[in-house]
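Quick note: the coordinates plus some simple rules give every number you see, no bench work behind them. These figures come from a predicted structure and were not determined experimentally. When we count neighbours, we look across all protein chains shown, and the Cβ atoms used for this are built from the backbone with ideal geometry, even at glycine.
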Amino acid sequence: MRVALFLTCVNDTLYPDTGRAVVKLLTRLGVDVDFPAAQTCCGQAHYNTGYRHEAEPLARHFSDVFGEYEAIVSPSGSCAAMVRELYPRMGERARAEGHGDALARTLAPVVPKTYELTEFLVDVVGVTDVGAWYPHKVTYHPTCHGLRGLGLGERPRRLLEAVKGLELVELPGAEECCGFGGTFAVKNSDVSAAMGADKVRNAVSTGAEVLCAADNSCLLHLGGTMTRLGTALRPVHIAEILASTEEEPAV
Amino acid sequence: MSSRERILGRVRRALADVPPDGAPYEEAVPRDYLREHGERTPAEAVELLAENLADYRAVVHRTGAADLPHLVARLLAARGSREVLVPPGLPAGWLSAAGPVRVDDRAESTVERLDRVDSVVTGCAVAIAETGTLVLDGSPDQGRRRISLVPDHHICVVRVPEQVVSSVPQALDRLDPARPSTWISGPSATSDIELDRVEGVHGPRTLEVILLG
Amino acid sequence: MSGTYLGMPAFPRAARDAVNDRTLRGNLRHATHTIRAKRARAVAEVSDWAALREAGKRIKDHTLRHLDRYLVRLEESVTAAGGTVHWAADAEEANRIVTRLVKETGESEVVKVKSMATQEIGLNEALEAEGIRAYETDLAELIVQLGKDRPSHILVPAIHRNRAEIRDIFRTEMGAWGRPAPEGLTDTPAELAEAARLHLREKFLRAKVGISGANFMVAETGTLVVVESEGNGRMCLTLPETLISVVGIEKVVPAWRDLEVFLQTLPRSSTAERMNPYTSMWTGTTGEDGPRAFHLVLLDNGRTDTLADRVGRQALRCIRCSACLNVCPVYERAGGHAYGSVYPGPIGAILSPQLRGTASAIDASLPYASSLCGACYEVCPVAIDIPEVLVHLRERVVQGGPAVREGNRVVLRPAKGHAAERAAMRAAGWAFTHPRALRAGQRLASRTRRLHPRTLPGPGRAWTGTRDLPVLPPEPFRDWWERTRGGKDETR
């Protein structure tokens, strides 16, 4: 199976460790993973801020880059949701505006074969125990696009519960948004910050060392809040936990 | 142009982009929701009604036809009622043992007069088990809408099991839309203070329900 | 809509005050968290919730699709049952009609059932200007009216007030409006409810004119439905001689049978009850029972403009349950007043900019008053995809485009204040379709990472005011991938 890693622009630039962890994890599970170098951005920030027309070339570019692969895996719930949920909507809107079927046809091939990482592991590879070892107390924040957009459900938890040495503790108010929301974080920074601070306080109350999520955008916001509030908690992407083994532990 | 024509014209222009839809109303809506939630015998429906009435703080009593007048008399006496309001078609026997003065509701009765009455006794049109709801529709044994509203104490008699249905859809099937109806689920209440339910605002603060069967 | 809200600051600024108000934050958190858990339980009790939700959505969509037909049908049914139907294209016309109807009765005071439509049009202020006093009789509306306040929630307009604040308002203000609060009033909810009962009873008993809205209007039968809890609705709907109901045109449903869906979904979604304490249904007038005269004022006021929008029209399905407010993390922290409209919360953020247009600062900012977390869509009993409409309205704000205002087709210009953002989005769009340029930028950023400040000036402060910036890695992932051939050459 030819699997493409769609790392996302945020991870490529700010979180290369997450990318390395995904490669290590998938390789360990026998998946042949490629990183198409021409990949850039799915267009989510443009689309969600109201710049749908500016997002269209990015979506076409995504389709050009990834169209030939059998599966496209992304360690970001919101970017995977952008492709799966919103690319079809972009096609429909273009059609409704009298621009014909071209965009919908261009985007259609990538929609069904784009997977969020935990979804790919559980549904396509068919594993929940990925052979990981991570001797830490962890609490898990299900991000909104993963939870309500993609319907990831129990998949991330099942993966975490199978990790040796990992103690998973329940996050109070887990399903509530962390307050990132893309440009919301700066356009409505007071409300965003208040939501982030509440989420961090809830995480701290669990006594966990690590706040885990399957989306670094949310962790960027929460991590920045944690250090500002001076908490000892660390934000860690789920891929880095699942990639960690006794032989090669995550730092 | 009248505002009527203006608004209807705006509606028609607003929908110009929508493809013609010839589907009749009957086919436009999938009705695959349940007619009732779970199958119940009539006795089980009465049980559930009693449970849900009590859950919303109605006081539930059960009696047979022979004892009904005594039960009504006891409830009015316990309340200390001096006057009891009566709809025009209330079965004569229901109040035959009651002590308080009967006040018949008449068209010319003022609201101030109704406000001085302690209690009211009515029948009902239908009762809904799943929601603990009594529906009054202004039939002669229930009277005008105001009489079950202004007095602070309402005794409502439900003939079981024949007046009990399981669900909201079944209740609507039994009602005549032309009649004004009042759906009552427990005594008057409010959630306006900190979104917490408190019983007792403008309607009767005590609702007693007699399941007659 | 009402002039009350003209000149409101944009949402972010209005929200800042609320975020920093500890009492308000506590009140909102307590109330919304209480109701959230209860709603979830009430919904879980019915196994066919998804089917009811879908049916509710389809009934509303079908009605909106044939709204002209159902409004005409409704008018026929109401008229045949002894009512009189009036049509109001906007707030001003609706207020004029109601004022005239009240004056024709010779009365100078009216009792009101809580109604979003009459708040939307600013009816109380319009009546006051004509010498008619309107008494709000819903407990929360009474609290708002006595406190010279503004509503902050659809269902519980005084949700921003806690019991102690309510007691203080009752003690100081009730006397000026009628019967004063009882001596020694405490802040227990039962005593507060009792105080309202005593204060309002004299008004109910002498009222000759009642004014209401309606939750539903049945086209087939001409039946109107008001769903309530306290009994103030029943008082206003049955004791006065004249009843005037002001109802948005989108509140019509085709048939009696349709009520079986909404009477199951509305109470569970709003107060989290199996059934609300009181529901009143009436069809025209009924002899000696209830008002002798019934007037229905059908209100447009921006609804047909909303109907003209392909994506935005789904907002007209709303049954005003307020479940979306109660689950919204933004509402919980910003409070209702920040939305600058009688319709706060997620539904307000998509309704107000459609009913009023996006010209004002507050209306142009409302589509952004959301993190797009989707909790509102998940609980909506008529499946309004609020995030979809929010994003659509963001497009309207930044890109402009065709819209309908007061029945006329217009082309909106992009809103002011988004020029820098638009330029940045276009620049990013260019870089993202030119991978080499992107890569050059990433490398430059990585190599200069030790020079990056920890806090940013200007608009960047919106981030660094409360959050640290991440530390840039020494190289982007793509360089690692190329250097190590996807990790194959990695040396440890």
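Taking Cβ separations below 4.7 Å as the criterion for a possible disulfide partner, the isolated cysteines in chain C are C:C236, C:C318, C:C321, C:C328, C:C380. Taking the helices alone, the protein assembly as shown has a mean residue ellipticity at 222 nm of -12500 deg cm²/dmol, built from -39,500 (n - 2.57) per DSSP H run of at least 4 residues and averaged over all its residues.
Helix C:435-447 and the longest principal axis of the C-alpha atoms of chain C enclose an angle of approximately 80°.
Could you work out how far the C-alpha centroid of region B:44-93 sits from that of region C:96-114, in angstrom? With region B:44-93 and region C:96-114 each reduced to a Cα centre, they are spaced 39 Å. Taken along the Cα-to-beta-carbon direction at a fixed 7 Å, the label points for C:D149 and B:D104 span 4.9 nm.
Under 18 Å from a point placed 7 Å out from the Cα of C:R454 along the Cα-to-Cβ direction: which residues of region A:169-208 have their backbone N that close? The answer is none. Working value for region C:440-484: equivalent-ellipsoid semi-axes of 26, 10, 8 Å, each the square root of 5 times a Cα gyration tensor eigenvalue, largest first. A cut-off of 5 Å between modelled amide H atoms, ignoring neighbours fewer than 5 places along the same chain, links C:E109 with C:R133.
Distance distribution note for chain C: the fraction of Cα pairs above 34 angstrom is 42%. Axis of helix B:42-55 versus longest Cα principal axis of chain B: the two differ by about 80°, to the nearest ten degrees.
Overall dimensions of the protein assembly as shown, expressed as equivalent-ellipsoid semi-axes from the Cα gyration tensor (√(5λ), whole Å, largest first), are 55, 30, 26. When each of the peptides C:317-327, C:26-36 is scored by the mean number of other C-beta atoms lying within 10 Å of its residues, the order from highest to lowest reads C:317-327, C:26-36. Database remark: amide H of B:V126 closer than 5 angstrom to the amide H of B:V135 (H placed geometrically; neighbours at sequence offset of 5 or more, or on other chains; Pro and chain starts carry no H).
Per-residue Karplus couplings for region C:37-49, computed as 6.51 cos²θ - 1.76 cosθ + 1.60 with θ equal to phi - 60°, are listed in order as 5, 5, 4, 4, 5, 5, 6, 5, 5, 9, 6, 9, 3 Hz, Gly and Pro entered as x. Helix C:163-177 versus the longest principal axis of chain C: what angle, 0 to 90°, nearest 10, using Cα atoms? Result, in degrees: 40.
With a 10 Å cut-off around each Cβ of C:472-479, the average count of Cβ atoms from other chains is 6. Convex hull volume of the C-alpha atoms in region A:137-243, normalised per residue: 89 Å³. Label zone (C:R292, point 7 Å along Cα-to-C-beta; backbone nitrogen cut-off 13 Å) within region C:101-125: C:105-106. In region B:41-212, the DSSP beta bridges split such that about 25 percent are antiparallel, to the nearest 5. In this simple spin-label approximation, C:K488 and A:R201 carry label points 7 Å from Cα along the Cα→Cβ vector, and these lie 5.3 nm apart.
Shielding of peptide C:151-158 by partners, expressed as the average count of other chain Cβ atoms within 10 Å per residue Cβ, is 2. If you count Lys pairs in chain C whose Cα atoms are under 28 Å apart, skipping same-chain pairs closer than 8 places in sequence, the total is 26. The mean number of partner chain beta-carbon atoms within 10 angstrom of a residue's beta-carbon across peptide A:14-20 is 6.
In summary, the lysines within cross-link reach of A:K164, defined as a Cα separation below 21 angstrom excluding same-chain residues under 8 places away, comprise A:K24, A:K137. Cross-link partners of A:K187 among aspartates and glutamates, defined as those whose alpha carbon lies under 12 angstrom from its own and excluding same-chain residues fewer than eight positions apart: C:E421. Taking a ≥ b ≥ c as the square roots of the eigenvalues of the Cα gyration tensor, region B:90-213 is oblate, since a/c reaches 1.5 or more and a/b is not larger than b/c.
Of all beta bridges DSSP finds with both residues in the protein assembly as shown, what is the antiparallel percent, to the nearest 5? In the protein assembly as shown, approximately 30 percent of DSSP beta bridges are antiparallel ones. If R0 equals 22 Å, the separation of the Cβ atoms of A:E209 and A:E175 corresponds to a calculated FRET efficiency of about 0.50. In order along region C:459-469, phi translates into HN-Hα couplings of x, x, 4, 4, 8, 7, x, 10, 9, 6, 7 Hz, rounded to whole numbers, per the Karplus curve 6.51 cos²θ - 1.76 cosθ + 1.60 with θ = phi - 60° and x for Gly and Pro.
For region C:331-436, GluC sites (Glu not before Pro) are listed when DSSP marks them as loop and at most 16 other Cβ atoms sit within 10 Å of their Cβ; the list is C:E406.
By other beta-carbon atoms within 10 Å, ranking C:T283, A:T13 with the fewest at the front produces A:T13, C:T283.
On the beta carbon distance between C:A80 and C:L205, with R0 = 30 Å, the FRET formula returns roughly 0.40.
For region C:412-492, just say rounded, prolate or oblate: build the C-alpha gyration tensor, square-root its eigenvalues into a ≥ b ≥ c, call rounded for a/c under 1.5, and beyond that prolate if a/b exceeds b/c, oblate if not. Taking the square roots of the gyration eigenvalues as a ≥ b ≥ c, region C:412-492 is oblate. Distance between the 7 Å Cα→Cβ label points at C:D21 and B:E162: 5.8 nm.
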